[in-house]
Amino acid sequence: MSETAYPVTERNKVRRLHERGRHDFASIYEILDAAMLCHVSYVIDGQPYCTPTVFWREGNHLYWHGSSASRMLRTQKPGVPVCVTVTHLDSLVLARCGFNHSVDYRSAMCFGNAHIIDDPEEKSRALDSMIDRLYPGRNAELRPSTAQELKATMVIGMNIDQASGKIRSKGIGDEEEDYALPIYATRFPVVQTIGPAEDCPRMPAGVPYPEGLAGFIPGRRLDEIMTESYKKTYGDT
């Protein structure tokens, strides 16, 4: 691995439209840090599975969590190869022929060996980091998790050994001779945005709005908030 990019091998090589490919750390991390959910793919006894889950990044390490009863997590205890993927859908692209219909997107695939975090202190720290990565500073405002709650939660870690990203942002791309055709063509931007807060009806009166949630403003893009939250918690790493 170089100091700025992942090595390109048969496993993470972008095979089609390679000009959209990304292997540098900066591009991969930017895609990961703008997301809250990932999909973890793995194989159990020859059967492939894919599990969606909340994840977070610390340096070149990914973490995700789930129930201790999870088949996927129990299987990963000794360490198994997995592929973690993240995708942002940025627009729907309607062209002048079916072949050129497309979407604009940002995606990343990360490869490594996943393992269970067994050490109680490391596990507790990782779970605290998950909360602060999503909602900066919030963990300090919460009651501590009980021993039973920690026992019921499993944390998985994975060093990113290899990764590849792919980005399409060109919008409409028709054949030159098709642009004059009287066919409607357009691009529909797609964004996830924050809605108005729906406070718990049983919350005591006078509880202030946390400073760490200042970025969660109705109408703001979720990917922008996630990127901002990451930098508040970890800086530019």
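Structure values in brief
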read-out	value
Pairs with Cβ under 8 Å, 6+ apart, first in the stretch 217-236 and buried (at least 17 other Cβ atoms within 10 Å of the Cβ), second polar (S, T, N, Q)	D223/Q192; T233/S129
Any hit, the stretch 170-184, residues being surrounded by fewer than 19 Cβ atoms within 10 Å (Cβ to Cβ) and within 30 Å of E3 (Cα to Cα)	yes
Criterion (at pLDDT below 90 and within 20 Å of the chain's Cα centre (by Cα)) met by exactly one of M109, M154, M130	M154
Within the stretch 156-211, tally of residues that are of a type in the set (D, E, K, R), more than 25 Å from D132 (Cβ to Cβ) and touching a residue at least 24 places away in the same chain (Cβ under 8 Å)	8
Where R106 falls short, out of the listed (1) part of a loop (DSSP other than H, G, I, E, B); (2) in contact (Cβ under 8 Å) with a residue 12 or more places away in the chain; (3) among the charged types (D, E, K, R)	(1)
Residue selected from the stretch 128-155 under the condition among the charged types (D, E, K, R) and touching a residue at least 24 places away in the same chain (Cβ under 8 Å), by the criterion surrounded by the most Cβ atoms within 10 Å (Cβ to Cβ)	R133
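Rundown of residues vs (1) among the acidic types (D, E); (2) farther than 23 Å from E149 by Cβ; (3) at pLDDT 90 or above; (4) surrounded by 18 or more Cβ atoms within 10 Å (Cβ to Cβ), yes/no style:
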position	(1), (2), (3), (4)
A35	no, yes, yes, yes
L62	no, no, yes, yes
H65	no, no, no, yes
S68	no, no, no, no
Q76	no, no, no, yes
G79	no, yes, no, no
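The values are calculated or read from the model by the stated rules, or taken from the named source; none is laboratory data. Because the structure is a prediction, the values reported are computed rather than measured. Heads up, the Cβs are rebuilt from the backbone with ideal geometry, glycines too, and the neighbour counts pull from every protein chain shown.
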